[in-house]
2 protein chains.
Amino acid sequence: MNNSELDATDWQILRLLQKDASLTNKEIAFELNRSVATVHERIKRLKEEGYVKKIVALLDRKKVNKGLIAFSHVQLHDHTAQTLSTFEKEVARFPEVMECFQMTGTFDFILRIATSDMDAYHDFYRNKLANLPNITTVQSFFVLSEAKSDTAYPI
Amino acid sequence: MNNSELDATDWQILRLLQKDASLTNKEIAFELNRSVATVHERIKRLKEEGYVKKIVALLDRKKVNKGLIAFSHVQLHDHTAQTLSTFEKEVARFPEVMECFQMTGTFDFILRIATSDMDAYHDFYRNKLANLPNITTVQSFFVLSEAKSDTAYPI
DNA sequence: ATTGAAATGTAGGAAAC
DNA sequence: GTTTCCTACATTTCAAT
């Protein structure tokens, strides 16, 4: 198989591992009617070539005391490369910030922020986020309930 | 150890597994200066008690042809339990919708939508999302770049 | 690229301290 | 909680196709 294309078996393996990476090679091989060695070889390649970035444990956020998730829309004073990249660099250093995306539209960034509760969020907001330079507005929305939460891409 | 509290070792294990769940018990044991049997027992308990929900592979979304991520804010006509839960149930069935959260604020839901490109998003929007009943407005924002993207909670 | 078989390593359980 | 021992799997390599 060449280097730049995935075949049907590769996609099936990726689909399975996205849902459950604790599957053994044997289980995957059985599922796909392939040998264990083949599955092993494929997965090794998929990791080497960067299709699989990493294998992680997903935790129950409420059990680990992250009861409050906020999405915050941030607007900056200006959009010079300097201002944008300083903001990105600084905000990424806050552990509460799980995700930071630069966006199209009327604001500049979406942040996903995980804290234990509203007090902790407030503390983060006043003492960390609002101290960053060049912020014009921050508008925050809070998760009431999760109807769906999936890390698997539809492939 | 009792059932309802995690000690420092448990938290360390969770921290490690959130970052890299392909670590072996042996590697974790070495890192924490514990025996393999202890680590094994702890992880078993952490899974049984639901702290670890699952182990998954995270893929490179651009390599698997999901070049466009949208966040969509959805507002519904009314907020009866019936309307809310019908929307949640229907929207969760679309594979493009990776996440759906009910939110505080001026709109009702945030969706995270993964598609290959703007054409595919448009198709999803016109032929799937906009066909659901009781939707008043949908406002969409598109990811330009990812400054940070982490599934690990700050614990 | 795929396979079965062989070698090595890890998981998972149990016993004694 | 640790150590040791044990068995059953799982991973990894390899020669052959």
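The values are calculated or read from the model by the stated rules, or taken from the named source; none is laboratory data. Predicted, not measured: the structure shown is a model, and the values here were computed from it. Here the Cβ is made from the backbone with ideal geometry for all residues, glycine too, and neighbour counts use every protein chain on show.
Below is a table of values for the structure above.
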{"quantity": "Any hit, region A:80-103, residues being facing chain B (nearest Cβ under 7 Å) and more than 28 Å from B:ASP20 (Cα to Cα)", "calculated": "yes"}
{"quantity": "Matching residues in region A:50-72 - criterion: being free of Cβ contacts under 8 Å to residues at least 40 places away in the same chain and of a type in the set (D, E, K, R)", "calculated": "A:LYS53, A:LYS54, A:ASP60, A:LYS62, A:LYS63"}
{"quantity": "Scope region B:135-155; condition more than 7 Å from chain A (Cβ to nearest Cβ) and surrounded by fewer than 16 Cβ atoms within 10 Å (Cβ to Cβ); matching residues", "calculated": "B:THR136, B:THR137, B:GLN139"}
{"quantity": "Filter result for A:GLN75 (away from DNA strand D (no atom under 11 Å from the Cβ) and at the interface with chain B (Cβ under 7 Å from one of its Cβ atoms))", "calculated": "no"}
{"quantity": "Complete set of residues in region B:23-65 that are in the same structural domain as B:GLN12 (by TED's automatic domain parsing), surrounded by fewer than 14 Cβ atoms within 10 Å (Cβ to Cβ) and within 30 Å of A:ARG45 (Cβ to Cβ)", "calculated": "B:THR24, B:LYS26, B:PHE30, B:GLU31"}
{"quantity": "Top-ranked residue of region A:23-47 - restricted to ones that are more than 11 Å from DNA strand C (Cβ to nearest atom) and farther than 15 Å from A:TRP11 by Cα, ranked as nearest to the chain's Cα centre (by Cα)", "calculated": "A:LEU23"}
{"quantity": "Qualifying residue in region A:125-133 (condition: modelled with pLDDT under 95, outside any strand (DSSP E or B) and outside the structural domain of A:LYS19 (by TED's automatic domain parsing))", "calculated": "no"}
{"quantity": "Among (1) more than 8 Å from chain A (Cβ to nearest Cβ); (2) closer than 30 Å to B:MET118 by Cβ; (3) touching a residue at least 60 places away in the same chain (Cβ under 8 Å), the one test that B:TRP11 misses", "calculated": "(2)"}
{"quantity": "Candidates A:ALA114, A:ALA92, filtered to the one that is buried (at least 21 other Cβ atoms within 10 Å of the Cβ) and either touching a Lys or Arg at 6+ places or on another chain (Cβ under 7 Å) or in the same structural domain as A:ALA8 (by TED's automatic domain parsing) (or both)", "calculated": "A:ALA114"}
{"quantity": "Condition broken by B:ASP123, with the remaining ones in (1) surrounded by 17 or more Cβ atoms within 10 Å (Cβ to Cβ); (2) more than 18 Å from the chain's Cα centre (by Cα) satisfied", "calculated": "(1)"}
{"quantity": "Residue among B:LEU46, B:LEU16, B:LEU23 that alone is assigned to a loop (DSSP other than H, G, I, E, B) and either within 11 Å of DNA strand D (Cβ to nearest atom) or touching a helix residue (DSSP H, G or I) at 6+ places or on another chain (Cβ under 8 Å) (or both)", "calculated": "B:LEU23"}
{"quantity": "Residue that is farthest from DNA strand C (Cβ to nearest atom), among those in region A:1-22 that are farther than 22 Å from B:LYS54 by Cβ and among the hydrophobic types (A, V, I, L, M, F, W, C)", "calculated": "A:LEU6"}
